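Peer 1: Dropping a structure here in structure tokens format, bear with me for questions.
What follows draws every value from the coordinates through simple rules; no lab data is involved. Predicted, not measured: the structure shown is a model, and the values here were computed from it. Ideal geometry is used to build each Cβ from the backbone, glycine not excepted, and the neighbour counts take in all protein chains shown.
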Number of protein chains: 2
Amino acid sequence: MNPSSEPTILNGATGTLFIIGGHEDKAGPMTILRRFVAAAGGAAARIVVITTASAIPDAMAAMYAAVFPQIGVASFTALEVASRTQANDPATIATCNQATGILLSGGEQIRLTVELGGTQLEDAIKQRYLAGAVVAGTSAGASALGETTILDGAASFEVLREDISLGAGLDLVNNLLIDQHFDQRLRIYRLLSVLALNPGLLAVGIDEDTAMVVSPDGCAEIIGSGAVTIVDGRFVTYTNLPSVDPGQPISITGLTLHILTDGHNFDLNTRTPIIPTT
Amino acid sequence: MNPSSEPTILNGATGTLFIIGGHEDKAGPMTILRRFVAAAGGAAARIVVITTASAIPDAMAAMYAAVFPQIGVASFTALEVASRTQANDPATIATCNQATGILLSGGEQIRLTVELGGTQLEDAIKQRYLAGAVVAGTSAGASALGETTILDGAASFEVLREDISLGAGLDLVNNLLIDQHFDQRLRIYRLLSVLALNPGLLAVGIDEDTAMVVSPDGCAEIIGSGAVTIVDGRFVTYTNLPSVDPGQPISITGLTLHILTDGHNFDLNTRTPIIPTT
């Protein structure tokens with residue numbers, strides 16, 4: 001949890017993360033999906049979509065099976081892993097192990113944490129990332145990329161002392177609290193409520209059709225049509241949270257807020273935006 | 001606009017401001033209205049409510065005429081000023097001049113700026129404040145207390161380059177951009193959009209049934225059931241706003257965010273929260 005002692009990027013990682021806020025464009029320029037494919041090897045990319053988060057995995061698989069060939073992908077496989085048994089199946093692991101690009105679909109975070117947590121597939125995804133593959137998550141899949149993921153908690157309109165369920169994520173990036181569909185579902189207050197409980201985290205709220213592309217050097221580029229809202233709790237000077245009753249508004253002071261759009265970069269190592277020089 | 005050269009509190013002011021986020025409780029403990037009355041002299045208070053902002057001034061006047069006697073006010077007058085003629089009427093000014101507590105009701109900011117701007121009543125309110133009276137504004141009346149007031153602009157769900165209409169407020173406090181019904185109407189993105197255009201301002205978003213009580217020394221105490229969201233643009237390091245098309249999301253980095261609830265204090269001179277010592 002201490003950013004000074006633990007780097008954001010996993011030790012030895014050589015892959016790239018695409019943290020996508022959901023509803024990435026699939027009918028227009030498909031900017032985010034094209035960047036994902038390019039990073040995964042372009043025409044040589046072997047794309048695997050994992051539909052575990054989704055309650056409608058067949059439809060999810062069919063959607064991506066239709067989209068990826070349109071942007072030059074020759075090798076596409078959907079892994080409709082819906083149980084821990086499947087997540088430990090050697091055939092599943094073999095499919096994951098040949099991927100150059102892995103996409104965790106949307107749905108509900110809890111399916112990912114419950115069905116993949118501690119399985120061989122979870123480990124295989126991490127090993128592929130460490131070895132240089134591109135791992136993307138969109139919507140619920142994005143939230144689950146971190147160590148800790150928000151499982152539920154209604155969108156509140158205030159910063160409250162709340163019982164927001166957190167779960168163990170896939171642990172592909174340290175100290176990052178990820179939320180998605182961020183502006184569309186008005187989640188800023190929920191994110192701040194969680195950050196108040198965990199001020200050592202860096203909270204990122206990613207809008208729909210928007211992504212953070214995280215390089216092995218810890219630089220995150222924002223791409224897409226929306227914005228990424230970044231809240232840094234390191235310099236919080238005070239909160240009264242421990243003495244506030246559940247459900248009541250809290251005080252918190254000294255948060256740092258950045259909002260970044262397409263083409264802008266953020267250094268996750270130092271937690272500072274990279275200011276364009278032109 | 002430069003906080004280092006212009007103090008937030010008007011030069012020589014000895015009065016108190018109550019900046020109320022709207023819907024202050026009028027049926028329960030009435031904490032905010034009681035504090036307003038106490039500050040205005042308690043049983044000796046002479047309360048004047050100015051209903052200019054409201055489209056239903058008779059109903060507004062009747063509501064406050066029913067409430068204030070319940071909390072010990074013997075002298076209550078509603079000034080249903082609906083025109084500049086009335087705002088320059090000697091009888092109106094005489095009523096204002098005997099007030100120890102003035103409350104600007106809710107409604108629409110534009111009525112206040114259009115009907116009171118540059119009138120003798122506007123000047124009389126300021127003179128009463130300078131001389132030690134309590135001036136309160138709730139909802140639209142709160143927004144209009146500043147030099148600059150947000151006249152309209154829909155609640156957006158992103159920080160956009162927007163054409164949000166600003167108007168000249170009653171100028172009772174410097175460098176403060178005030179918004180109200182803040183969490184209930186999801187105005188944080190609108191406030192940030194305005195702040196991006198005017199980073200020298202201190203933006204305060206006040207929830208319903210919540211108030212900032214601003215003393216002549218520049219200390220603001222938060223009271224009531226909600227929170228005050230304070231965004232300081234002084235340390236903004238970058239924005240791409242000038243090169244963004246209207247209606248599109250912008251980047252802005254280095255905002256400072258504080259959220260304060262009942263009993264907490266903020267020093268408007270230094271723009272720092274006062275951290276409780278216990």
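Peer 1: Can you grab the distance from the C-alpha centre of region B:62-77 to the C-alpha centre of region A:144-209, Å, no decimals?
Peer 2: So the separation of the two Cα centres works out to 46 Å.
Peer 1: Summing -39500 (n - 2.57) over the DSSP H runs of n ≥ 4 in the protein assembly as shown and dividing by its residue number, what mean residue ellipticity at 222 nm do you reach, to the nearest 500 deg cm²/dmol?
Peer 2: -6500 deg cm²/dmol, from helical runs alone.
Peer 1: So what's the angle, to the nearest 10 degrees on a 0 to 90 scale, between helix A:57-70 and the longest Cα principal axis of chain A?
Peer 2: Around 70 degrees separate the two axes.
Peer 1: Under a point-charge model restricted to the Cβ atoms of Lys and Arg (+1) and Asp and Glu (-1), what is the dipole moment magnitude of chain B relative to its Cα centre, in debye to the nearest 20?
Peer 2: On the way: 14 positive and 27 negative charges, 82 e Å.
Around 400 debye, computed over chain B.
Peer 1: I would also like to ask the following. Straight-line reach from B:LYS126: which aspartates and glutamates fall under 16 Å, measuring Cα to Cα and dropping same-chain residues less than 8 apart?
Peer 2: Reachable aspartates and glutamates: B:GLU115, B:GLU147, B:ASP171.
Peer 1: Considering the options B:THR239, B:GLY101, B:ALA53, tell which one lies farthest towards the positive end of the dipole of region B:16-267, charges being +1 on Lys and Arg and -1 on Asp and Glu at the Cβ, about the Cα centre.
Peer 2: Of B:THR239, B:GLY101, B:ALA53, it is B:GLY101.
Peer 1: Using a label position 7 Å from Cα in the Cα→Cβ direction, what is the ascending list of nm distances from A:ALA43 to the same site in the other copies?
Peer 2: Taking the point 7 Å beyond Cα along Cα→Cβ, the inter-copy spacings are 9.3 nm.
Peer 1: What residues have an amide H closer than 5 Å to that of B:ASN175, excluding those fewer than 5 places away on the same chain, when H is modeled at 1.01 Å from N in the peptide plane?
Peer 2: Close amide H contacts, sequence-distant or interchain: B:GLU147.
Peer 1: Put a point 7 Å out from Cα along the line to Cβ at A:ALA66; what are the distances to that point in the other copies, in nm, shortest first?
Peer 2: Spacings between copies for this position, smallest first, are 5.8 nm.
Peer 1: Which residue, chosen from A:MET212, A:LEU191, A:ILE230, occupies the Cα position most advanced towards the positive end of the dipole of chain A, where the dipole is computed from +1 (Lys, Arg) and -1 (Asp, Glu) charges on Cβ about the Cα centre?
Peer 2: Of the listed residues, the answer is A:MET212.
Peer 1: Also: Report, in degrees rounded to the nearest 10, the 0 to 90 angle that the Cα long axis of helix A:120-130 makes with the longest principal axis of chain A.
Peer 2: 80 degrees
Peer 1: Quick one: dipole size for region A:159-278, taken about the Cα centre, charges +1 on Lys/Arg Cβ and -1 on Asp/Glu Cβ, in debye to the nearest 20.
Peer 2: Result for region A:159-278 is approximately 360 debye, rounded to the nearest 20.
Peer 1: Helix A:188-197 versus the longest principal axis of chain A: what angle, 0 to 90°, nearest 10, using Cα atoms?
Peer 2: In chain A, helix A:188-197 runs at an angle near 70 degrees to the longest axis.
Peer 1: Given the rotation that superposes chain A on chain B, what residue of A brings its beta carbon nearest the axis, and what is the distance in Å?
Peer 2: A:LEU257, 2
Peer 1: Tally Lys/Arg at +1 and Asp/Glu at -1 over every other residue whose Cβ is under 10 Å from the Cβ of A:GLY117; what's the total?
Peer 2: Counting the neighbours of A:GLY117, the net charge comes to -2.
Peer 1: If you don't mind, there's one more thing I want to ask. Determine the gain in length on full extension of the stretch A:ILE56-A:ASP245; use 0.36 nm per residue of separation and subtract their C-alpha separation, reporting nm with one decimal.
Peer 2: Fully extending the segment from A:ILE56 to A:ASP245 adds 64.2 nm.
Peer 1: Also, I was wondering about something else. Taking each residue in B:245-257, count the Cβ atoms of any other chain within 10 Å of its Cβ, then average. What number comes out?
Peer 2: For peptide B:245-257, the averaged partner shielding equals 6.
Peer 1: Separate question: Can you give the log10 of the normalised intensity I(q)/I(0) at q = 0.20, 0.21 Å⁻¹, computed with Debye over equal Cα scatterers of region B:1-118?
Peer 2: Debye curve over Cα of region B:1-118, log10 I(q)/I(0) at q = 0.20, 0.21 Å⁻¹: -1.21, -1.29.
Peer 1: Other chains near A:266-274: what is the mean number of their Cβ atoms within 10 Å of each residue's Cβ?
Peer 2: Averaged over the peptide's residues, the number is 1.
Peer 1: Here's a follow-up. Using a 10 angstrom cutoff on alpha carbons, build the Gaussian network for chain B and name the most mobile of B:PRO57, B:PRO69, B:PRO242.
Peer 2: Evaluated over chain B, the most mobile residue of the options is B:PRO242.
Peer 1: What is the spread of the Cα atoms of region B:16-267 along each of their three principal axes, largest first, in whole Å?
Peer 2: Principal-axis extents of the Cα atoms in region B:16-267, largest first: 55, 39, 31 Å.
Peer 1: Where nothing but the Cβ of Lys and Arg (+1) and of Asp and Glu (-1) is charged, how large is the charge dipole of the protein assembly as shown around its Cα centre, in debye to the nearest 20?
Peer 2: 320 debye
Peer 1: Just for the protein assembly as shown, what percent of DSSP beta bridges are antiparallel, to the closest 5?
Peer 2: Working: 69 of 117 bridges.
DSSP beta bridges in the protein assembly as shown are roughly 60 percent antiparallel.
Peer 1: Mind listing the label-point distances from B:THR85 to the same position on all other copies, shortest first, one decimal in nm, points 7 Å along Cα→Cβ?
Peer 2: 8.6
Peer 1: Ok, one more. D for the protein assembly as shown, whole µm²/s, Stokes-Einstein with Kirkwood Rh over alpha-carbon pairs at 10 °C and 1.306 mPa s: what number? Mind dumping the intermediate values first?
Peer 2: Working: Rh = 25.1 Å.
My calculation gives 63 µm²/s for D.
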